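**Student:** Let me begin by handing over the structure; questions about it come next.
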Amino acid sequence: MNARDTVLSRIRRATADLSGTRTAVPRSYLHHAPTVAPGDREGAVALLVERLEEYGAEVRRTDASGLPAAVTRALQAARSAVVPDGLPEHWTAGWDGELRRDQPPLTHHQLAAVDAVVTTCAVAVAESGTLVLDGGPGQGRRAPTLLPDLHVCVVREDQVVSALPEAMPRLDPRRPLTWISGPSATADIEMIRVRGVHGPRRLAVLIAP
């Protein structure tokens, strides 16, 4: 028996009642956000928008046909943007800035000189206002999502879940997961909030069907 088995066996003994049966651990409260009914997709999307706006992200909802125009508006202050493989080309076709492909991989200095990055995501968690990227098509590797000043992320409504336990079955723990909750920010000892320390200073989220 290794140390892990020893610890788990002690926990099992400690949680068993006098009859020798184990105490049931309630888990129903973990399945969804308390303010969103199971299966309420619109409620989950509305909660995600609320959380992201609380964090200072720019959020726009659009239909599929309006997505290219929404991407163009989100990039209007940028002169250059990096796009990963798998991102639909027509999303950025109407934007007149410089598009850079991350193939071959751009260096950190090159990425730091780019104004923006445009990606999709793997899943979005409404309760915490978190976007999760796993390096799949349209998401690319982690570095391009951390160094440019602006991150434009496209989220499909069917990727939105209300709480974290709903997100976990959709994710592969073997993939490089990046968890993003609003624009990058931190506070010093005097509680002065500073944006852009550990990642993009601006986050624009476009939610589409």
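**Student:** So is S162 in contact with a His (Cβ under 6 Å, 6 or more places away or on another chain) and modelled with pLDDT under 90 or not? Walk me through how you get there before you give the answer.
**Tutor:** Details: in contact with a His (Cβ under 6 Å, 6 or more places away or on another chain): yes; modelled with pLDDT under 90: no.
When the stated conditions are applied, S162 does not pass them.
**Student:** Would you confirm, using the coordinates I've provided, whether G182 is modelled with pLDDT under 95, within 26 Å of R51 (Cβ to Cβ) and within 14 Å of the chain's Cα centre (by Cα)? Reasoning before the result, please.
**Tutor:** Numbers: modelled with pLDDT under 95: yes; within 26 Å of R51 (Cβ to Cβ): yes; within 14 Å of the chain's Cα centre (by Cα): yes.
The answer is yes for G182.
**Student:** Here are some conditions: (1) surrounded by fewer than 19 Cβ atoms within 10 Å (Cβ to Cβ); (2) closer than 18 Å to L111 by Cα. P137 meets all but one. Which one does it not meet?
**Tutor:** With (1) surrounded by fewer than 19 Cβ atoms within 10 Å (Cβ to Cβ); (2) closer than 18 Å to L111 by Cα applied to P137, the lone miss is (2).
**Student:** While we're on this one: Would a scan of region 165-180 turn up a residue that is small (G, A, S), assigned to a loop (DSSP other than H, G, I, E, B) and in contact with a strand residue (DSSP E or B) (Cβ under 6 Å, 6 or more places away or on another chain)? Spell out the reasoning first.
**Tutor:** Step one: of region 165-180, the residues small (G, A, S) are 167.
Cutting the leftovers down to assigned to a loop (DSSP other than H, G, I, E, B) gives us none.
No: region 165-180 contains no residue that is small (G, A, S), assigned to a loop (DSSP other than H, G, I, E, B) and in contact with a strand residue (DSSP E or B) (Cβ under 6 Å, 6 or more places away or on another chain).
**Student:** Here's another thing I want to ask about it. Pairs needed: first member in region 77-93, hydroxyl-bearing (S, T, Y); second member anywhere, modelled with pLDDT of 95 or more and buried (at least 20 other Cβ atoms within 10 Å of the Cβ); C-beta distance under 7 Å; at least 6 residues apart or different chains.
**Tutor:** S80/V114; T92/V71; T92/V83; T92/V118
**Student:** Hey, another quick one. Restricting attention to region 145-154, does a residue exist that is under 12 Å from the mean Cα position of the chain (by Cα), surrounded by fewer than 16 Cβ atoms within 10 Å (Cβ to Cβ), part of a strand (DSSP E or B) and free of Cβ contacts under 8 Å to residues at least 60 places away in the same chain? Quick ask: steps written out before the conclusion?
**Tutor:** Going through region 145-154, the residues under 12 Å from the mean Cα position of the chain (by Cα) turn out to be 145, 151-154.
Checking the rest, the ones that are also surrounded by fewer than 16 Cβ atoms within 10 Å (Cβ to Cβ) come to none.
No, region 145-154 has no match at all.
**Student:** Here's a follow-up. Enumerate the helices (runs of 4 or more DSSP H) found wholly within region 35-130, keeping only those where 3 or more residues are closer than 23 Å to P169 by Cβ and either under 16 Å from the mean Cα position of the chain (by Cα) or among the β-branched types (V, I, T) (or both). Walk me through it before giving the result.
**Tutor:** Numbers: elements: 41-55, 67-74, 108-112.
Qualifying helices (runs of 4 or more DSSP H): 41-55.
**Student:** Let me ask something else about it. I'd like to check something: does region 107-127 contain any residue that is within 21 Å of A208 (Cβ to Cβ), surrounded by fewer than 20 Cβ atoms within 10 Å (Cβ to Cβ) and in contact (Cβ under 8 Å) with a residue 12 or more places away in the chain?
**Tutor:** No: zero hits.
The values are calculated or read from the model by the stated rules, or taken from the named source; none is laboratory data. Note that the structure is a prediction, hence the values are computed from the model and not measured. Because the Cβ atoms are built from the backbone with ideal geometry, glycine has one as well, and the counts that use them run over all protein chains shown.
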